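Worksheet for the structure shown next.
The values are calculated or read from the model by the stated rules, or taken from the named source; none is laboratory data. Just so it is clear, the model here is predicted, and its values are computed rather than measured. Methodologically, a virtual Cβ is constructed for each residue, glycine included, from the backbone with ideal geometry; neighbour enumeration extends over all protein chains shown.
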Amino acid sequence: MNARKFIAVNSREAFKLVRIELGDDAVILSNRKVADGVEIVAMCSSELSRLSETRMNETKVSAPAAAPAAAPTLNKQALNQANALGAKVLDTNIKREAAVATREDAPAAPSAEQAGMLSEIKTMHNMLKEQMACMAWGDMQQRDPKRSTLMRDMINVGFSPVLSKQLLDKMPANGDISWVHNILKHNIRIASPQEDIVARGGVYALVGPTGVGKTTTTAKLAARAVVRYGADKVALITTDSYRIGAHEQLKIYGKILGVTVHAVRDTEDLKMTLSGLKHKHLVLIDTMGVSQRDCRVAEQAEMFDAACVKRLLLLNATSAGGTLDDVVNMYRGTGLIGCIPTKLDEAVTLGTVLDVVIRHKLTMHYITSGQRVPEDMHEVNLEYLLHRTFKVSAKPTAFAVQELEFPAFMAGAGAAPMSRAEYAS
């Protein structure tokens, strides 16, 4: 694509350069302020038309007979609108710059006509970006079908387009699914034996939104500690005074395990209770379940920080990626030492929760997969997790991205901001 960049002291001069070099029907791709003034990226409409025609011819040759013809039609519509807008943009902006240059008291706010024009230009600009991205992804499928297939597989098992692209961009020419497994294992953090909270001991609070399994997981961790160190070395605390029967449920677990259970209401109560449990090897705190956006989440974090309590975040493996991102963002803080993915037995695939663990650089301490105490808590086995993640389901799902839909899907996904996190290769 032969796009040209023009830089001038102001928009008026930049648009003049565009008109001189590319003509009145130039297509404006971007317009932004830079250190030297104004930068405009534009291209000749005939060049964009040839690019679209070439892509449409490739599509006719390579696509199955049943493939829809919506994309070429959309390209033609986009180009026609771009050609018309190109001339309108040049004229409108030159007139606007001339008016501002001759009138120092010109209003800063654009008129209704200009605002409508700007909105139309932005819409056209986004449409062109999406069309060009769609062409690029279609070309990638033809040039590098193995990489394209692996990316589609990663997305279909729950990994985000952002992480999938960043990892596969580093894949060597001879890479395959084994390389993907290795790079994922290299980027998933697992607690070392020295970091194991049961062996290390201390005071830990299990936090997370409603229904993630905090009470059951608290009991599972306590059971592991009781087997290893004895019931007299373990204590349980609950801060959940909101749910009906929450304290009673933990007391039942405590009675079965033979450990003491305490209820606290506020920071001072927590500090006083912990001072009386200094002789215990492990103290686990079960917390109330509220939405991650509830103001009590911040209050809870402040209480634990004041009492020097470390936190473990429970992540529901059945939740959507956006929800898990929100949960991590709301619960993160200096006192958060890692996470425990829960409900793995209910999740169809584990790609989403692993994606969140990698992107947020969380340390996994355990995984849980059921209600049984303590059987359904396990140490992290990456081979098992990745096998479960990429295991092909016998039944196709309506949420899977198909091959013909992939360029359009990735063109839309490419509009999302890329994470700045770095991943090891």
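So that you can scan it fast, the table gives a plain yes or no per residue for (1) modelled with pLDDT under 70; (2) out of contact with any strand residue (DSSP E or B) (no Cβ under 9 Å at 6 or more places or on another chain); (3) surrounded by 14 or more Cβ atoms within 10 Å (Cβ to Cβ):
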| residue | (1), (2), (3) |
| --- | --- |
| Ala115 | no, yes, no |
| Leu128 | yes, no, yes |
| Gly138 | yes, yes, yes |
| Arg143 | yes, yes, no |
note = Flagged in the range 19-39 as under 14 Å from Ala8 (Cα atoms), over 35 Å from the mean Cα position of the chain (by Cα) and surrounded by 14 or more Cβ atoms within 10 Å (Cβ to Cβ), in numbering order, are Arg19
ask   = What number of residues within the range 1-18 are crowded, with 17+ Cβ neighbours inside 10 Å and either part of a strand (DSSP E or B) or small (Gly, Ala, Ser) (or both)?
value = 4
inquiry  = Can you confirm whether Asp345 is surrounded by fewer than 19 Cβ atoms within 10 Å (Cβ to Cβ), within 24 Å of Ile237 (Cβ to Cβ), touching a Gly at 6+ places or on another chain (Cβ under 7 Å) and assigned by TED's automatic domain parsing to the domain that holds Glu248?
reply    = no
note = Going through the range 16-44 in order, the residues found to be closer than 14 Å to Arg4 by Cβ, of a type outside the set (D, E, K, R) and either free of Cβ contacts under 8 Å to residues at least 60 places away in the same chain or out of contact with any strand residue (DSSP E or B) (no Cβ under 9 Å at 6 or more places or on another chain) (or both) are Leu17, Ile20, Leu22, Gly23, Asn31, Ile40, Val41, Ala42, Met43, Cys44
message = Out of the residues in the range 344-374 meeting the condition of being more than 14 Å from the chain's Cα centre (by Cα) and not in a loop (DSSP other than H, G, I, E, B), tell me which one is nearest to Leu385 (Cα to Cα).
response = Ile367
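A quick yes/no check of all residues on (1) more than 28 Å from the chain's Cα centre (by Cα); (2) farther than 22 Å from Met303 by Cα; (3) assigned by TED's automatic domain parsing to the domain that holds Val373:
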{"residue": "Gln194", "(1), (2), (3)": "yes, yes, yes"}
{"residue": "Arg200", "(1), (2), (3)": "yes, yes, yes"}
{"residue": "Val203", "(1), (2), (3)": "yes, no, yes"}
{"residue": "Gly208", "(1), (2), (3)": "no, no, yes"}
{"residue": "Lys214", "(1), (2), (3)": "no, no, yes"}
{"residue": "Val227", "(1), (2), (3)": "yes, yes, yes"}
{"residue": "Lys233", "(1), (2), (3)": "yes, yes, yes"}
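Here's the yes/no breakdown for (1) touching a helix residue (DSSP H, G or I) at 6+ places or on another chain (Cβ under 7 Å); (2) closer than 23 Å to Leu324 by Cβ:
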| site | (1), (2) |
| --- | --- |
| Glu268 | no, no |
| Lys271 | no, no |
| Ser275 | no, no |
| Thr287 | yes, yes |
| Asp294 | no, yes |
| Glu299 | no, yes |
| Met303 | yes, no |
ask   = What single numbered condition from (1) out of contact with any strand residue (DSSP E or B) (no Cβ under 9 Å at 6 or more places or on another chain); (2) among the small types (Gly, Ala, Ser); (3) closer than 30 Å to Ile256 by Cα fails to hold for Ala347?
value = (1)
task = Return yes when Ala191 is closer than 30 Å to Thr267 by Cβ and of a type in the set (Gly, Ala, Ser) and no when it is not.
result = yes
note = Pairs returned, first residue in the range 280-302 that is without any contact (Cβ under 8 Å) to a residue 24 or more places away in the chain, second residue that is in a loop (DSSP other than H, G, I, E, B) and of a type outside the set (Ser, Thr, Tyr), beta-carbon separation under 6 angstrom, 6 or more apart or interchain, are Arg296/Val290
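Condition check ((1) exposed (fewer than 15 other Cβ atoms within 10 Å of the Cβ); (2) not small (Gly, Ala, Ser)) across all residues:
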site	(1), (2)
Leu257	no, yes
Asp266	yes, yes
Leu284	no, yes
Asp294	no, yes
Ala307	no, no
Thr318	no, yes
Thr323	no, yes
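Evaluate the following for Tyr204: is it surrounded by 19 or more Cβ atoms within 10 Å (Cβ to Cβ) and of a type in the set (Phe, Trp, Tyr)?
Criteria met by Tyr204.
Go through the range 302-343 and give me each residue that's assigned to a helix (DSSP H, G or I) and under 30 Å from Asn156 (Cα atoms). If you could, list the steps in order and put the result at the bottom.
Filtering the range 302-343 for residues assigned to a helix (DSSP H, G or I) gives 302-306, 321-331.
Answer for the range 302-343, where residues must be assigned to a helix (DSSP H, G or I) and under 30 Å from Asn156 (Cα atoms): Gly321, Gly322, Thr323, Leu324, Asp325, Asp326, Val327, Val328, Asn329, Met330, Tyr331.
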